[in-house]
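A.B. asks: Below is one structure. I have some questions about it.
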Amino acid sequence: MKLKTKTNVFSFGVFALFFIVGWEFGFSPIKNSFDIINENAKVVEEKLFGLPQIFTPTNYISDNQYKTDILHYDLSFDLNSEKKLLKGKVVITGVVLGANVSNLDLNFYDNLKINFLSLNGKEIPYIHKGTKLSVPYNEEKSDTFQVEIIYEGTPKRMGLSAFVFGEINNRKVVYNLSEPTFASTWFPCNDIPYDKALVDVHITNDSLFTSVSNGILVSEKIMNGRKTAHWKTLYPTSTYLISLYSSEYVNYTDYYYSDISDDSLPIEYYVFPEHLDNAKKDFAEHPEMIEFFADIFGEYPFIKEKYGVAEFLWQLGAMEHQTITGIGSNFVSGRKYFNDIYVHELAHHWFGNAVGPKSWKDIWLNEGFATYCEVLYYEHKAGFDGLKSSMLSKYYTNFSGRLYDPGDDLFSITIYNKGAWVLHMLRWEVGDSTFFNILRQYFDEYKYKSASTGDFVSVCEKISGKDLTKFFNQWVYEGDDQIKMKLEWTVDSRKNNKVTVKIECNQLQESYKEFNFPLEIQFVDKKGKYQVEKFYIDSRQKTFLYELDFEPFIIAADYNNWLLADINVNRK
Ligand SMILES: [Zn+2]
């Protein structure tokens, strides 16, 4: 998911000024406000939320749910936009993995009324209360079960959107945004991100509507003025990535031709008719983006199906529903303003979707990665200066909260931007080629599955051959601080045309005792001659001598901005 924040754009000329002075100005390039482009579209139903707060009910997932593995969801939805009514028929096929499971528990909001429920073909009593649907279960462990549920009602508006019957310019739009735990507002499910399943989605609406979902379109049938679209995915899908869009869309198709698979991938766009021209301009770069990420991480993971983009009414950003990203209607401008959003959602198809999070504690593996992918794409387009300015645009002097297990604060700027900074610093710590090998290996090992932060750390250590315990502790698990350091230097001695410089580093940050990191120092003389050296800072106070064959006039620390650091350099 991408929440659009206001970012400053640095010209490379301005950037050059920061070349020497590093972070000493202590500026903060991001303002904490949303950049909403309002095209005077009449959008009904979508409220502009403040900073999103996601509260998942306590005990949302029961012990029984961890012992259940859903294999397949067959979801049928009949939509009535006028009455805002959803009629659902869901067939869930799964298997019980653990012993002592006396109930099959599913997540399902009880404002939706169940008309029929059967287990393995037999209608049975059940308990439906709050967010939980419990079905008594007496079968043996490892047996496959099938639950069929027929229900109806108007889904609750929750979280960032959940399930919406909306309207734009007097045209009805039905869509969802379930992340993280709101799929259960519109269908019963085992709403744990790692419990991925195959999915069939049948959407019935007025025959004027085009209905879109995950995977490929199997059929479209019209009966009595109603059209049913059947979508199917054979790739494992997390419940929060299951999607539905239905509106009077116009659609068009582009292609990504893969050298890797010798295959072509349709890129399908579903847009509001008044946005068609703008969409064609804005979305034109998608084949290049897919090719770029396929080259650096490995083939687009849903190559046998599609990549798709559908407009929806969430006015704060976009959502990476698997193979069918939702883009807020206000982020289609015709001026290519929002490439970073499109890149972000596409990149989630590698990190977030194919490699899913094992739990919501690992959300930075989704958002930090997709945010760093924006930076990588910018580097691809604009080179090393592009990389630097893009990282600067994601810099904050103080990121609050830690990355791992952020509680309900899943979508804070810390998760996105500090997450990207951690990957940037990991790249600096292990070197470029190792870093990209790590990402390729991590993707390859965990695609179509789920990974925890510990799984990622293991891949990093295996590929780099380094013990990265300190790195991940200080940036991900423990620290909510960042480097604040005073670097003082003086010429210690001059002998035989050699100059020895004494450098004293003092870390000043208050809550985190000691960061360890490689620090790049540039020594520059009066004529502009320079030398660059890398030193490892491994204590709060560190003093060392360094011999040069010229007399430095200026010393710059971390002038390439590899570190989440505020370093003040002074000559003593
Ligand atoms: Zn995202």
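The values are calculated or read from the model by the stated rules, or taken from the named source; none is laboratory data. Keep in mind the model is a prediction, meaning the values are calculated, not measured. All Cβ positions, even for glycine, are placed from backbone atoms using ideal geometry, and neighbour counts span all protein chains on display. SASA here: full protein model, heavy atoms, side chains in, ligands and nucleic acids out. Shrake-Rupley method; radii C 1.70, N 1.55, O 1.52, S 1.80 Å.
A.B. asks: Scan segment 318-325 and give yes if some residue there is touching a strand residue (DSSP E or B) at 6+ places or on another chain (Cβ under 7 Å), open to solvent by less than 10 Å² (accessible area, probe 1.4 Å), within 11 Å of the ligand (Cβ to nearest atom) and in contact (Cβ under 8 Å) with a residue 40 or more places away in the chain, otherwise no. Break it down into steps so the answer makes sense when it comes.
C.D. replies: So the first thing to find is which residues in segment 318-325 are touching a strand residue (DSSP E or B) at 6+ places or on another chain (Cβ under 7 Å), and the list is 318-319, 322-325.
Filter once more, so that each one left must be open to solvent by less than 10 Å² (accessible area, probe 1.4 Å): 318-319, 322-325.
Those left that are additionally within 11 Å of the ligand (Cβ to nearest atom): 318-319, 325.
Within this subset, residues satisfying the condition of being in contact (Cβ under 8 Å) with a residue 40 or more places away in the chain are 318-319.
Yes, there is a match, as at least one residue in segment 318-325 is touching a strand residue (DSSP E or B) at 6+ places or on another chain (Cβ under 7 Å), open to solvent by less than 10 Å² (accessible area, probe 1.4 Å), within 11 Å of the ligand (Cβ to nearest atom) and in contact (Cβ under 8 Å) with a residue 40 or more places away in the chain.
A.B. asks: If you go through segment 478-493 one residue at a time, do you hit one that is out of contact with any strand residue (DSSP E or B) (no Cβ under 6 Å at 6 or more places or on another chain) and closer than 30 Å to residue 237 by Cα?
C.D. replies: no
A.B. asks: Tally time: how many residues in segment 446-469 are among the charged types (D, E, K, R), in a helix (DSSP H, G or I) and surrounded by 15 or more Cβ atoms within 10 Å (Cβ to Cβ)?
C.D. replies: We begin by selecting, within segment 446-469, every residue among the charged types (D, E, K, R); these are 447, 449, 455, 461-462, 466-467.
Filter once more, keeping what is in a helix (DSSP H, G or I): 455, 461-462.
Pick out the ones that are also surrounded by 15 or more Cβ atoms within 10 Å (Cβ to Cβ) and you get 455, 461.
Counting residues in segment 446-469 that are among the charged types (D, E, K, R), in a helix (DSSP H, G or I) and surrounded by 15 or more Cβ atoms within 10 Å (Cβ to Cβ) gives 2.
A.B. asks: Looking only at segment 103-126, count every residue that is closer than 16 Å to residue 62 by Cα and without any contact (Cβ under 8 Å) to a residue 12 or more places away in the chain and tell me the total.
C.D. replies: Residues meeting the conditions: 0.
A.B. asks: Run residue 172 past the list (1) among the basic types (Lys, Arg); (2) surrounded by fewer than 21 Cβ atoms within 10 Å (Cβ to Cβ); (3) more than 25 Å from the chain's Cα centre (by Cα) and report the number of the one that doesn't hold.
C.D. replies: (2)
A.B. asks: While we're here: I'm checking my understanding of the structure. Among residues of segment 232-261 that are in contact with a Lys or Arg (Cβ under 8 Å, 6 or more places away or on another chain) and farther than 30 Å from residue 107 by Cα, which one is most open to solvent (accessible area, probe 1.4 Å)?
C.D. replies: Step by step, filter segment 232-261, then rank; the result is 248.
A.B. asks: Determine which member of the set 355, 309 is within 16 Å of the ligand (Cβ to nearest atom), closer than 22 Å to residue 418 by Cβ and among the aliphatic types (A, V, I, L, M). Can you show your working first?
C.D. replies: Values: 309 fails: closer than 22 Å to residue 418 by Cβ.
Going through 355, 309 in turn, the sole match is 355.
A.B. asks: Still on this model: Considering 184, 213, 264, which residue is modelled with pLDDT of 95 or more, open to solvent by 30 Å² or more (accessible area, probe 1.4 Å) and on the phi < 0 side of the Ramachandran plot? Reasoning before the result, please.
C.D. replies: On the way: 184 fails: open to solvent by 30 Å² or more (accessible area, probe 1.4 Å); 213 fails: open to solvent by 30 Å² or more (accessible area, probe 1.4 Å).
Of the residues listed, the single one that is modelled with pLDDT of 95 or more, open to solvent by 30 Å² or more (accessible area, probe 1.4 Å) and on the phi < 0 side of the Ramachandran plot is 264.
A.B. asks: On to the next question. Look through segment 334-352, keep the residues that are open to solvent by less than 10 Å² (accessible area, probe 1.4 Å) and part of a loop (DSSP other than H, G, I, E, B), and return whichever of them is farthest from the ligand (Cβ to nearest atom). Break it down stepwise before answering.
C.D. replies: Taking segment 334-352 first, the residues open to solvent by less than 10 Å² (accessible area, probe 1.4 Å) are 338, 341-352.
If we keep only those that are part of a loop (DSSP other than H, G, I, E, B) too, we end up with 338, 349-350, 352.
Working: 338: 14, 349: 11, 350: 12, 352: 7 Å.
Applying the filter and picking the extreme gives 338.
A.B. asks: So, in segment 60-119, of the ones that are within 18 Å of residue 131 (Cα to Cα), open to solvent by 60 Å² or more (accessible area, probe 1.4 Å) and of a type in the set (Asp, Glu), which residue ends up modelled with the lowest pLDDT?
C.D. replies: Filtering first and then ranking leaves 63.
A.B. asks: Follow-up. Go through (1) buried (at least 20 other Cβ atoms within 10 Å of the Cβ); (2) assigned to a helix (DSSP H, G or I); (3) in contact (Cβ under 8 Å) with a residue 60 or more places away in the chain; (4) out of contact with any Leu (no Cβ under 8 Å at 6 or more places or on another chain) one by one and return the number of the condition residue 380 breaks.
C.D. replies: All conditions pass for residue 380, except number (1).
A.B. asks: Name every residue in segment 408-441 that is of a type in the set (Phe, Trp, Tyr) and buried (at least 21 other Cβ atoms within 10 Å of the Cβ), in order of residue number.
C.D. replies: Kept after step one, since they are of a type in the set (Phe, Trp, Tyr), are these residues of segment 408-441: 411, 416, 421, 428, 435-436.
411, 416, 421, listed by residue number.
A.B. asks: So, one more: Out of 492, 444, 455, which single residue is in contact with a Gly (Cβ under 7 Å, 6 or more places away or on another chain), modelled with pLDDT of 95 or more and away from the ligand (no atom under 16 Å from the Cβ)?
C.D. replies: Working: 492 fails: in contact with a Gly (Cβ under 7 Å, 6 or more places away or on another chain); 455 fails: in contact with a Gly (Cβ under 7 Å, 6 or more places away or on another chain).
Exactly one residue qualifies, and that residue is 444.
A.B. asks: Go through (1) touching a Cys at 6+ places or on another chain (Cβ under 9 Å); (2) open to solvent by 40 Å² or more (accessible area, probe 1.4 Å); (3) under 21 Å from residue 427 (Cβ atoms) for residue 477 and report which single condition fails.
C.D. replies: All conditions pass for residue 477, except number (1).
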